[in-house]
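Participant: Dropping the structure in here first, questions after.
The values are calculated or read from the model by the stated rules, or taken from the named source; none is laboratory data. What you are looking at is a predicted structure, and each value in this text was computed from that prediction instead of being measured. Neighbour counts are summed over all protein chains in view; Cβ atoms, including those assigned to glycine, are modelled from backbone coordinates with ideal geometry. With ligands, DNA and RNA removed, areas are computed over all heavy atoms of the protein, side chains included. Shrake-Rupley method; radii C 1.70, N 1.55, O 1.52, S 1.80 Å.
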Amino acid sequence: MSLSKGLSFSITGLDAMAVTVEVDIRRGLPSYKSVGLGDKAVSEGKNRIAAAIKNSGFEFPAKKITVNLAPAYIKKEGSSFDFPIALGVLKCLNNIKEDAFENTACIGELSLDGSLRKVCGALPIAFKMKSMGVKKLLLPEENAREAAVVNEVEAIPVKDLRQAVSYLNGEENIYPGKLDLEKEYMDSSEYDVDFSEIKGQYFAKRAMEIAAAGGHNLLMTGPPGAGKTMLARRLVTILPPMTVAESIEVSLIQSVIGELPHAGHAGFIRPFRSPHHTASDAAMVGGGAVPRPGEVTLAHRGVLFLDEFPEFKRKVIEVIRQPLEERKITVSRAHESVTYPAAFMLVAAMNPCPCGFDGSSKNECSCTPRQVVKYRSKISGPIMDRIDMHVEVPQVKRKHIRNLEGGESSKKIRSRVTKARLRQNKRYRGLKSVFSNADLRDSQIEKYCRVDNEAYKLALAAVDNYGLSLRAFNKVMKVAMTAADIESSDFIKHEHVAEALQYRNYD
C-alpha cells in the first residue's frame, strides 16, 4: 500500500478553498475511483491523467487507485485537480522524493501529452496561500504572471508533467514568475477610444462628466445614430484611474472566470460590459448549478451599459435593483450561497419610441401614442428612481458635421473628474459605503449638501412647478453637489441646481 497527500485549491465565489488531494494505490483489480464530491470534469480526469503519465515517460500502475478530495462535503469543480492527482500517483510510485510537497501547492489541467493547460482562479488561490503561509505554487506557465501579483507566494511556471517531476526532485531549477505592478500599470492603463473623437453633443458630454465625477447612473434617450453608444463606450476613459486595490478586485473577478487580459497580468482598465438585450436574468446577476459571476459583477468598478434598455425582459431589468442599491449581489443555491461585489455605474440608452423618431423634426414618427406609452412603460418606476440623470441626445445635423470639432480629450476631462472625486473622498472619509455623491443616502443629504439661499429657492420651486418627488429632489441635490465639486465650490449655487434640473427629463 502507498499513500500520498498534496495541497490544491477549489474556487467558491471569488474565494479559494484549500483541498487536500489524497492518492491511495494498492494491489487489486485495476481501477480508478475519485471521491470527495467532485464534478464531471474531476471524474473525467482519470483518462487525462493516465494518458499524461504514460506520454511523459512514466508507468501508470495497473492497480487499485483511490483519489480523495478533502473536505468531502464541499462540491468541487473543474479540471485543475489533474496536475496534483497525477503528481500524487507518481509520488506513490516513488518517482518523486518524499518531502517534495512540503509547503507547496499545485493546480493545473493536463493535456494527453503531459503538458499543462491554463486554469481559472490562480489569483484568488495565491491570496489564499498567502493567508495560509504556503510559499510555493506549481501552476501552468500561462497562469504564472497572474499569481505573481502576490509577492509572498512563489509562482513556479511549469510547462509539463516531466518538468514538474524534475523540479520537485531538485534536478531542475525553475525561477518563479515576477511582476512589476508599476510597469504593468504604465503599459496597460491606456484606452483605445477617446472623448475627442465625438463631434458635437456638448450637452451630453457635459452630462457624462457630471455622471463620472459623482458616480451617478445615467439614462440617454435619442434617435438611432445620435451617438449614445459612442458616448457610453468612452465613459470609462474619464473615470478616475483605478487604485491598486480596485485593480486587484477587478482582477480577482476576471481570474475566476478565466478572462484576465494580457496573458495574465493585473488589469488596470476599468471594465465596460455591454450585454445583449436577450440576456437572461442569470447571465445578468450570476447563477448556474455552481454559481458564477454575472454581468453586474463583471462590471464591478466600471460601467454596465444596457443599450436598447426597454428591449430587455422585464425580469432582467428588475433583478438589477438589488445591486444598484446595495453594490453587491447574493446568488443562492440549494447547497451554497455566494455574494459577489457589484459596484458599477449603470448607463442605459433607449429610443424615444419604437421607431426612434418621436419628437424628431427630421424624420416622421410612425408610432401611435399607445405604442409610445407602452414602449416607455417597460421601464418601471423603481428602476427610474435609481437613475440619477436623464439626458436627451439629439441627432447631429448633417450640415453641421464638417464644422463640429471633437472637443476635449478624455485625459483633460478625467483630470477634472479625479479632482472632484478627491473632494468627495475627503468629505465622506469615515462614512461606511459612501465613496461618491451618488452613494449618499437620503438621510445624509441634508448634512452634507451645503446650499445657498437662491439655489434652495430654485430647488423648491422645481418641486412645486414640476411635481418632483422627494426622491427626485434628493437626486437633483446630489447631481448639483457634483457640479459644485467640479468647480471646487464649497456651496451648491443657483447655476448648479439649474444644471441638475436639466438632467431630469422624465420628471
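Participant: Please give every one of the aspartates and glutamates within straight-line cross-link reach of Lys178, meaning a C-alpha to C-alpha distance under 15 Å, and leave out same-chain neighbours fewer than 8 residues apart.
Facilitator: Here the aspartates and glutamates satisfying the reach criterion relative to Lys178 are Glu141, Glu142, Glu146, Glu152, Glu154.
Participant: Hey, what's the chain come to in accessible area per residue, 1.4 Å probe, Å²?
Facilitator: That works out to 47 Å² per residue.
Participant: Please figure out what share of the DSSP beta bridges in region 244-353 is antiparallel and state it in percent, rounded to the nearest 5.
Facilitator: 55 percent
Participant: Ok, one more. Counting helices only, and only those DSSP H runs with n ≥ 4, report the 222 nm mean residue ellipticity of the chain as the sum of -39,500 (n - 2.57) divided by its residues, in deg cm²/dmol to the nearest 500.
Facilitator: Value at 222 nm, helices only: -11000 deg cm²/dmol.
Participant: If packing is taken as the average number of other Cβ atoms within 10 Å across a peptide's residues, how do 209-220, 156-167, 310-321 rank, most packed first?
Facilitator: My ranking of the peptides, most packed first, is 209-220, 156-167, 310-321.
Participant: Further, regarding this structure: By DSSP, what percent of the beta bridges with both residues in the chain are antiparallel, rounded to the nearest 5?
Facilitator: 45 percent
Participant: Round to the nearest 10 and report in Å² the accessible area of Ile74, as given by a 1.4 Å probe over the protein chains' heavy atoms.
Facilitator: Number for this one is 40 Å².
Participant: Taking the full set of protein chains and a 1.4 angstrom probe, give the accessible area of Met132 in square angstrom, rounded to the nearest 10.
Facilitator: Only protein atoms counted, so the area is about 90 Å².
Participant: Skipping prolines and chain starts, which residues have an amide H placed within reach, meaning under 5 Å, of the one on Asp160, given they are 5 or more residues away or on another chain?
Facilitator: Residues meeting the criterion, in which the H sits 1.01 Å from N, are Leu116.
Participant: Based on the mean of other beta carbon atoms within 10 Å per residue, what is the order of 224-234, 137-147, most packed first?
Facilitator: 137-147, 224-234
Participant: What does the C-alpha gyration tensor say about the overall shape of region 380-494? Classify as rounded when a/c is under 1.5, otherwise prolate if a/b is larger than b/c, or oblate.
Facilitator: Judged from the Cα gyration tensor, region 380-494 comes out oblate (a/c at least 1.5, b/c at or above a/b).
Participant: Going through the cross-link list Lys228/Lys378; Lys328/Lys475; Lys40/Lys136, which pairs have a Cα-Cα distance over 24 Å in this structure?
Facilitator: Lys40/Lys136
Participant: List the residues, sorted by chain then number, that are 5 or more residues from Gly286 or on another chain and whose placed amide H is less than 5 Å from its amide H.
Facilitator: Hits under the 5 Å cutoff: Gly294, Glu295.
Participant: Okay, moving on. Using a probe of 1.4 angstrom, how much of the accessible area of region 87-195 is carbon and sulfur, in percent?
Facilitator: 43 percent
Participant: Next question. First measure r as the distance between the Cβ atoms of Ser377 and Met17, then evaluate 1/(1 + (r/R0)^6) with R0 = 60 Å and state the FRET efficiency to the nearest 0.05.
Facilitator: 0.85
Participant: I'd like the carbon and sulfur percentage of the solvent accessible area for region 386-489, probe radius 1.4 Å, heavy atoms only, ligands and nucleic acids excluded.
Facilitator: Ligands and nucleic acids excluded, carbon and sulfur give 48 percent.
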